[in-house]
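**Student:** Below is the structure I would like to discuss, written out as structure tokens.
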Amino acid sequence: MPEWILEVSDLNEYVRAMLNADPALRSIRLRGEISNFKRHSSGHWYFTLKDDRCRISAVMFRQNAMRQSIRPMDGLSVIVSGQVSLYPESGTYQLYCENMRPDGVGTLYQQFEALKQKLQLEGLFDPARKRPLPWRPRKIAVVTSETGAVLHDIRRVAARRDPGVPLVLLPVQVQGQGAAEDIAAAIRKAGTLPGIDVIITGRGGGSMEDLWAFNEEIVARAIAESPIPVISAVGHETDTTIADFAADARASTPSNAAEMAVPDRREIIEGLRDIRRHMTDAMAGLLQDRRYELLTLQRRMEALRPEQRITALTAQVDGMKLRLNAAMDAKLPALAHRIGMAGMRLDAAMDKRMASPQERIDRAKARLATLNPSAVLERGYALVMDGGRVVSSAERANEIDQMTLRFRDGSVEVERRK
């Protein structure tokens, strides 16, 4: 039987698969003390969870760490939930955390999760319910403590961005017994004040107990029922409350809430300048188009006037005459040359035609002269005549008793000897 030899990576992957397949390890909760905590630049948390006898490596990735309200540190006792698996590269098993809460506030955490799930099922956190913030609010209602740093930060940022937007403070208790009812009543009151276009509600950072007023159902429903948009600015960026889910917008800090609610006046002015420039350019272009259309209509109207039409036709006729005369002037020399050449060819043809008949006459004369009996007589011959007929054979001569011999210079009468 061949020996079965594994690679290290094969073994680690096998162990990791076995751990992942165990349902008891896929969702586990551990209580322990944090040590060697490190927050990586990527946002991941790396730490060790230990008790008085053992320890386990743990990691919480950025997407989960951003949702935590707790601020972990060495020595803090916590309860974490997650999955146990193996990190193949190092061959060590570790806990992959999804949630973390301080040990000792488990009841509050369970209440938080239960209320969150209840309101979420009702659709209270539905993104479709979120309303956009106004571009430039007329007034802003601030629901917070009148003695905390939150109000100071909001006022400072709002005054820097646009001092023309007034803030209306509705002071409330943000912590302790009755704080939730106080906050909810102030939010409802802000929705009835004239000119209010947006509400900012929140407080500074703290523990889960400190922020608990913004995790109460009465506050969440007051935010959801508000007739105007609400910005939640509770705690620090890592803090998350039920109010954050119910609000139309969540700010990481109170200062950020003021930045979201109050547009920068300089940006508004520059935007208005851009709009004015665009409108000026658009009006200039529109006027130019209308001027062009007007000129076109004027030209058409002038073209429809009878005298203008007659003038135009006269100009066309004159132009045609000029072109005709110019064409004739250009053609006449060529035609004269062609006529001259044609005349020369005609004269040559006439001369040739006249010469040809004369030659034929001369040749005919020569032939006639050759055939002329007188010419024969000139050469010493005589012509035998019987009256007016030529005797051309001896047989005929034997039949005639008297004949005439015609010579060049006269005739002689002869008789046939019997």
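**Student:** For LYS139, are the conditions met, namely being assigned by TED's automatic domain parsing to the domain that holds PRO227 and either hydroxyl-bearing (Ser, Thr, Tyr) or surrounded by 15 or more Cβ atoms within 10 Å (Cβ to Cβ) (or both)?
**Tutor:** Here the answer is yes, as LYS139 does meet what is asked.
**Student:** For region 16-38, state whether one or more residues are outside the structural domain of ALA243 (by TED's automatic domain parsing), within 48 Å of the chain's Cα centre (by Cα) and hydrophobic (A, V, I, L, M, F, W, C).
**Tutor:** No, every residue in region 16-38 fails to be outside the structural domain of ALA243 (by TED's automatic domain parsing), within 48 Å of the chain's Cα centre (by Cα) and hydrophobic (A, V, I, L, M, F, W, C).
**Student:** Something else now. Can you name the residue in region 54-79 that is of a type in the set (Ser, Thr, Tyr) and touching an Asp or Glu at 6+ places or on another chain (Cβ under 8 Å) and, of all such residues, is farthest from GLY235 (Cα to Cα)?
**Tutor:** Applying the filter and picking the extreme gives SER77.
**Student:** Within region 2-41, which residues are small (Gly, Ala, Ser) and over 27 Å from ARG53 (Cβ atoms)?
**Tutor:** Of everything in region 2-41, those that are small (Gly, Ala, Ser) and over 27 Å from ARG53 (Cβ atoms) turn out to be SER9, ALA17, ALA21, SER41.
**Student:** On to the next question. List every residue pair whose Cβ atoms lie under 6 Å apart, where the two residues are 6 or more positions apart in sequence or sit on different chains, the first residue falls within region 216-236 and is closer than 17 Å to PRO134 by Cβ and of a type in the set (Val, Ile, Thr), and the second residue, located anywhere, is in a loop (DSSP other than H, G, I, E, B) and at pLDDT below 95.
**Tutor:** Qualifying pairs under 6 Å: ILE228/GLY191; ILE231/ALA251.
**Student:** How about region 177-215: which of its residues are of a type in the set (Ser, Thr, Tyr) and under 18 Å from ARG129 (Cβ atoms)?
**Tutor:** Within region 177-215, just THR201 meets the criteria.
**Student:** Against the condition within 49 Å of the chain's Cα centre (by Cα), part of a helix (DSSP H, G or I) and loosely packed, with under 14 Cβ neighbours inside 10 Å, how does GLU113 come out, does it pass?
**Tutor:** Criteria met by GLU113.
**Student:** Any residue in region 194-213 that is surrounded by fewer than 16 Cβ atoms within 10 Å (Cβ to Cβ) and of a type in the set (Lys, Arg)?
**Tutor:** Checked region 194-213: no residue is surrounded by fewer than 16 Cβ atoms within 10 Å (Cβ to Cβ) and of a type in the set (Lys, Arg).
**Student:** Which one is surrounded by the most Cβ atoms within 10 Å (Cβ to Cβ), of the residues in region 1-59 that are touching a residue at least 60 places away in the same chain (Cβ under 8 Å) and assigned to a strand (DSSP E or B)?
**Tutor:** Out of the qualifying residues, it is LEU30.
**Student:** With of a type in the set (Gly, Ala, Ser) and either at pLDDT below 75 or in contact with a helix residue (DSSP H, G or I) (Cβ under 7 Å, 6 or more places away or on another chain) (or both) as the only criterion, which of ALA366, ALA342 stands out?
**Tutor:** ALA366
**Student:** Let me ask another. If you check GLU216 against the conditions, is it touching an Asp or Glu at 6+ places or on another chain (Cβ under 9 Å) and surrounded by fewer than 21 Cβ atoms within 10 Å (Cβ to Cβ)?
**Tutor:** In short, yes.
**Student:** Let me ask another. Find the residue count for region 252-276, including only residues that are among the charged types (D, E, K, R) and surrounded by 13 or more Cβ atoms within 10 Å (Cβ to Cβ).
**Tutor:** Selection size over region 252-276: 3.
**Student:** When the residues of region 142-164 are filtered to those that are in contact with a Leu (Cβ under 8 Å, 6 or more places away or on another chain) and surrounded by fewer than 18 Cβ atoms within 10 Å (Cβ to Cβ), which remaining residue is nearest to GLY204 (Cα to Cα)?
**Tutor:** GLU146
**Student:** May I ask you to list the residues in region 401-412 that are surrounded by 13 or more Cβ atoms within 10 Å (Cβ to Cβ), modelled with pLDDT of 80 or more and touching a Lys or Arg at 6+ places or on another chain (Cβ under 9 Å)?
**Tutor:** Within region 401-412, MET403 is the sole residue that qualifies.
**Student:** Scan region 34-76 for residues that are out of contact with any strand residue (DSSP E or B) (no Cβ under 6 Å at 6 or more places or on another chain) and over 24 Å from SER252 (Cα atoms) and jot them down.
**Tutor:** Correct list: ASP52, ARG53, CYS54, GLY75.
**Student:** Follow-up question, since we're still on this one. I want to confirm something. Restricting to region 60-74 and keeping residues that are touching a Phe, Trp or Tyr at 6+ places or on another chain (Cβ under 9 Å) and part of a loop (DSSP other than H, G, I, E, B), which single residue is modelled with the highest pLDDT?
**Tutor:** PHE61
The values are calculated or read from the model by the stated rules, or taken from the named source; none is laboratory data. Model, not experiment: these values are computed from the prediction. No Cβ is skipped: glycine too gets one built from the backbone with ideal geometry, and neighbour counts run over all protein chains shown.
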